[in-house]
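One structure is given here, and the rest of the page talks about it.
The values are calculated or read from the model by the stated rules, or taken from the named source; none is laboratory data. Computed from a predicted model, the values in this text were never measured in an experiment. Here Cβ is always computed from backbone atoms with ideal geometry, including for glycine, and neighbour counts include all displayed protein chains.
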Amino acid sequence: MTSLRPFSVALAAALLTTACAGTPVTTVASVTQPAVSVPAKAETVGELVEAYFDEALALNPTTATFIGDHRYDDRLENTASAAYDAATLDLDRRYLARARAIDPAPLAGQDRLTWDIFVRERERAIAAAAFPRRLLGFSQMGGAYESLALLGSGAGPQPFETVADYERWLERARQFPAWVDSVKDAMREGAAHGVTQPRVVMQKTLPQIAALAEPDLAKNIFMQPVRSFPDGIAAEDRKRLTAGFETLVRDMLVPSLSGLHDFVRDEYLPKARETVGWSALPDGKAWYAFMVEEMTTTRLSPDEIHALGLAEVARIRGEMEAVMREVGFKGDLTAFFKHVQEDPKFYYQRPEDLLAGYRELKARIDARLPTMFADFPKADYEVRAVEPFRAASAAGASYQGPSQDGKRPGIFYVNTFNLKAQPKFGMETLSLHEASPGHHFQVSIQQELTDLPRVRRFNFYVAYVEGWALYAESIGRELGMFTDPMQYYGRLSDEMLRAIRLVTDTGLHAKGWTREQAIQYFTDNSSMAESDVVAEVERYIVWPGQALGYKVGQLRISAMRRKAEQALGPRFDVKAFHSQVLRDGALPMDVLEAKIDRWIDSQRVAPKN
């Protein structure tokens, strides 16, 4: 998912997809807001947060495009510039002052919840400004170049339906070289102060950038929109626009991308650090602790999370061994891991067959959902392969939400780059997580809560969003899935991944683990393909704390359900519980827990239907 930095620190790497992102970026001067004092006239919470959201979209025009607001499709924010950081911090400070001018005591219901969340997020965003994230530039998990390619491919959220659409894109893309210049300056400044990405992961950005800098225009992804004009565009306009695209790509994008590639290879890599842990950075221990709190929305320390992960790994290993015995495998768990990695019956041979399998699975799951859910998203989703330009380093699967009007469906991306990383036994659990009732339900329903202010409809907390998706996997058997023991093994395998993350993320960033130690721990406790293991570990290296939100969030949501079941007994309604979790959008874990407690109390006294 693209970044919504002013909206929430937790969105620092989130709106392109739920698994990866970078943020593209007019120059900040065109969108920097004037200083605003607290209004003389008292404003409501609704007025406050709507005004904030509009200013934030103007500062982050690509975010507007991703959520279906096309007012700024001709702008590209320069997130690598110091001016952008200053404008973002000014935005947060001004609106925190305005929020504090509203007395929260008389507020009730959604207004009070919105005020509490909004103040919390502005305070967190201001606190995050103390850490020099901008100086790290980008990583193999994404940068502005990747988001620009998605927008300009003709298959993303940037519309290419009219002549005006094409012209807006040309104007937006012409601003990309400014980001390249700024990100080089930022990364040079970072290198001078010991704030760099690890060398081992930055090497992975070179093929990504090189693929986008393809000099043959017939093969360049940025030429795709003029290879398939919609019928309504006249021949004369097609000729003019094609020439404009050729000039843009040949004279601006390819040279800028090539220059960025050479900068990384020749200048940055020799200065990049050999270490991989965040603790090796200036003030890195405090920075990592901040990220842990941000990503889990809890007060759990890295040590507590590490211990929790070790316990979960041991528990899940026991369940895996039970499945191994059920399918009649003779040998230990290590041998079973090797067996499922190497036996060709567990893997497709053609990408199109893998995609067809997920589309068939979609129909089966959709038919079962009414047994456990009362709320359904209006938007549908489609299954699509990850684009070739980012497949080598992208996650195995990810989800991109629909436009807010539902006209553009959600997308369940499946990475077909390495079919050995996409076992058949993992398909049911992965679909439950990324699509329905996981990310597709949560993201789409949240966007459709039109009674909530936009700052709530498009908010994001890793522990909530990913915790819900992992919880969605955990109810697979209740939905009638996992009847094949190997599909249940796939569920355990994915749960093991999230438990291993608790151990390896904290190991890397708080306990001095090396990249190799983390890879070995993965290998010892999972049957994941080697390419996936490496990609996972390198993801944690550059995205500290993010991977912790999954299991922490799922454990909290599952505990809320158990508490409700025990308290309500026969009054417990799983459909109503799921509606309570989903109907207010993404919330911090403590806020969600308090809400569920209030719901439990209300159900104790409510007449049973």
Candidate set: region 188-220, residues that are in contact with a strand residue (DSSP E or B) (Cβ under 7 Å, 6 or more places away or on another chain) and not in a helix (DSSP H, G or I); chosen: the one surrounded by the most Cβ atoms within 10 Å (Cβ to Cβ): 197
Output for region 39-52, where each listed residue is of a type outside the set (Lys, Arg), surrounded by fewer than 15 Cβ atoms within 10 Å (Cβ to Cβ) and modelled with pLDDT under 95: 39, 40, 42
Odd one out for residue 519, checked against (1) surrounded by fewer than 21 Cβ atoms within 10 Å (Cβ to Cβ); (2) in contact with a Ser or Thr (Cβ under 7 Å, 6 or more places away or on another chain); (3) not hydroxyl-bearing (Ser, Thr, Tyr): (2)
First in region 97-113 and outside the structural domain of residue 456 (by TED's automatic domain parsing), second anywhere and surrounded by fewer than 16 Cβ atoms within 10 Å (Cβ to Cβ) and in a helix (DSSP H, G or I), Cβ under 7 Å, 6 or more apart: 104/112
Pairs where the first residue, in region 170-190, is under 16 Å from residue 251 (Cβ atoms) and among the small types (Gly, Ala, Ser) and the second is at pLDDT 95 or above and assigned to a helix (DSSP H, G or I), C-beta under 8 Å, 6+ apart: 173/148; 173/152; 173/222; 173/248; 173/252; 173/253
Region 69-81, subset surrounded by fewer than 22 Cβ atoms within 10 Å (Cβ to Cβ) and in contact with a Pro (Cβ under 7 Å, 6 or more places away or on another chain), residue nearest to residue 155 (Cα to Cα): 70
Top-ranked residue in region 526-535 [being buried (at least 23 other Cβ atoms within 10 Å of the Cβ) and of a type outside the set (A, V, I, L, M); ranked as nearest to residue 502 (Cα to Cα)]: 526
Hits in region 117-133 - residues which are closer than 10 Å to residue 45 by Cα and over 21 Å from the mean Cα position of the chain (by Cα): none
Hits in region 53-69 - residues which are more than 17 Å from the chain's Cα centre (by Cα) and at pLDDT below 95: 68, 69
Of all residues making up region 557-580, the number that are closer than 16 Å to residue 472 by Cα and out of contact with any Phe, Trp or Tyr (no Cβ under 7 Å at 6 or more places or on another chain): 7
Matching residues in region 580-599 - criterion: being under 19 Å from residue 375 (Cα atoms) and either β-branched (Val, Ile, Thr) or surrounded by 16 or more Cβ atoms within 10 Å (Cβ to Cβ) (or both): 580, 581, 582, 584, 585, 586, 587, 592, 595, 596, 599
Helices (runs of 4 or more DSSP H) within region 244-345 that include 3 or more residues of a type outside the set (Gly, Ala, Ser) and farther than 30 Å from residue 218 by Cα: 284-296, 302-326, 333-342
